[in-house]
Every structure is written in structure tokens, then in C-alpha cells.
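First up is the structure itself, then whatever we jot down about it.
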Amino acid sequence: MRDTILTFKRYEKKYLLSAEAFARLWDKLGGRLEEDEYPRSTVCSLYYDSGDFSLIRRSLERPVYKEKLRLRSYGVPDAAGEVFVELKKKYKGVVYKRRAALPASAAEDWLAGKIPAPGDSQTLREIAWFLRENDVQPRVFIACDREAWRVKDQPELRITFDRNLRWRGDALSLTAGDGGEALLAPGEVLMEIKIPDAAPLWLAHLLSEEKIFPVSFSKYGTCYREHILCTLFSDPESREALTAAAD
């Protein structure tokens, strides 16, 4: 298993780039970067939510505090492969993430209520509390192909580029492969800057020169708003079920 950090506190800024904007930016930015420890991976995420999607609906309202639960792997695991149960919280723009590494089958069984919590760490207790307070189940699978970089003289400043974002609403297991329908337009790149504090001035100036500005972008939120919601409200039975669950 990889040597990983299990607790995070940082700011995350996202930018949606066309292929042309990415090429221009990379010409000026690439020389300042070096590959991260795990430079290329397929990031697979299984998002948990209630029957009426209450967590993502609340998140899209942009509250001061929000949280979500997901199961994440790097590549497609088998039943014994390593995955991360992640509880991600955001308060006043700061992201706090707790995660626990478990075998895929154990993680999915625990979150489904089939087995007890596999330990008693602070992170596992926080996740167990979330599960008691929220009746959740796997709702959406999202994957992307990621390149991860860090600034040469500021290794704590990381920049990732996600391509080929795709999603599915069935086969909701990380062991079921990484296929899905496209979530972005062809050629689009989602850039994310992960920083413990403020971005350096040189980076802010570069982004301003290229007219690249941060966007409010959630992979799960975009999937829900542009795909799931349309399907739910186009199908009468699904619409009635969603309305009843929300009452």
C-alpha cells in the first residue's frame, strides 16, 4: 500500500480550461513544476447520498458548512485492493478531509451496514457518526484521468489536471471498472490548485494574464445538475419517488 496522508486541511481552487487555454498556460507554467509522488492515476470515486439526493442538493445551495462521503481508489481495485473512505468537509472555503484506508470489500460492506466499523480511530468514529446521522447509499460513480504536479520550490503547492471525466449511475462499486459517460466537453481540463494558504503572487499574476479565473465546480454536483436531475424529472415514477422522499 502507498504511504499516504490521511488528514488534510487546505484551500482548493478549481479552474475549467479549454484545450487551447491549457496549452497556453502550460507553456508558461510547466517549467516551474515537477511530478508529484504519484504523477499519473485514474481516480475513481463512489459518492454516497440519501434516496432524495439531499446531501448534494444542500451542497449546491453553497452553505457555510457542508460535508460529503465518498469511497475513492486510484485505479480499479479488486475486492482486497486498497480504497479510501473519505469524509470531506468544507467550512468558509477551507477543506478538511479525513480518510481511512481499507480493503474494497470491507469498506463497501461497512458503509452498507453489513459489518461493524473496522477499528476505533478518530477518523473512523467521525465517519461512523456521519453514517448514523445520514441514511446514505452509493448513488454516483465518477472517474477521471489525473496528472499531479507540485511547484519545484514550494512542494506543498500542488496542481492537478483532470481529463476524461466520466460518470455512471449503475454498477455502483469501485471494483466494477472505470467506465462511464462523459461529464465534460471534449478536450476540457479541470485544473485544481491545492494550497495550505494563499497562492504565490507569481501564480496569481500568471492566471490573471491568461484570463483564467476560479470556478465553482463540483464533479458530483455537475453530474447531479446536468444529468441525474434531468433523468429524475423526465421519468414520472422517479419524480414521484423523489418528491415523496423529500417530504
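The values are calculated or read from the model by the stated rules, or taken from the named source; none is laboratory data. As the structure is a computational prediction, the values presented were derived from the model and not from experiment. Cβ placement follows ideal geometry from the backbone for every residue including glycine, while neighbour counts extend to all protein chains displayed.
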G119, sole failed condition from (1) in contact with a strand residue (DSSP E or B) (Cβ under 6 Å, 6 or more places away or on another chain); (2) at pLDDT below 95: (1)
Restricting region 148-182 to residues that are of a type in the set (D, E, K, R) and farther than 21 Å from P200 by Cα, the residue that is surrounded by the most Cβ atoms within 10 Å (Cβ to Cβ): D162
A117 fails exactly one of (1) buried (at least 19 other Cβ atoms within 10 Å of the Cβ); (2) touching a helix residue (DSSP H, G or I) at 6+ places or on another chain (Cβ under 6 Å), namely (1)
How many residues, within region 204-225, are without any contact (Cβ under 8 Å) to a residue 24 or more places away in the chain and either more than 20 Å from L16 (Cα to Cα) or aliphatic (A, V, I, L, M) (or both)? 1
Identify, by number, the condition in (1) touching a Gly at 6+ places or on another chain (Cβ under 6 Å); (2) farther than 20 Å from K194 by Cβ that T42 doesn't meet. (2)
Out of S50, S41, sole residue that is over 24 Å from A148 (Cβ atoms) and of a type in the set (G, A, S): S50
Residue that is nearest to L71 (Cα to Cα), among those in region 98-128 that are in a helix (DSSP H, G or I) and hydroxyl-bearing (S, T, Y): S105
Given the condition hydrophobic (A, V, I, L, M, F, W, C), in contact with a Pro (Cβ under 8 Å, 6 or more places away or on another chain), under 25 Å from P39 (Cβ atoms) and in a strand (DSSP E or B), answer yes or no: does some residue in region 86-97 qualify? no
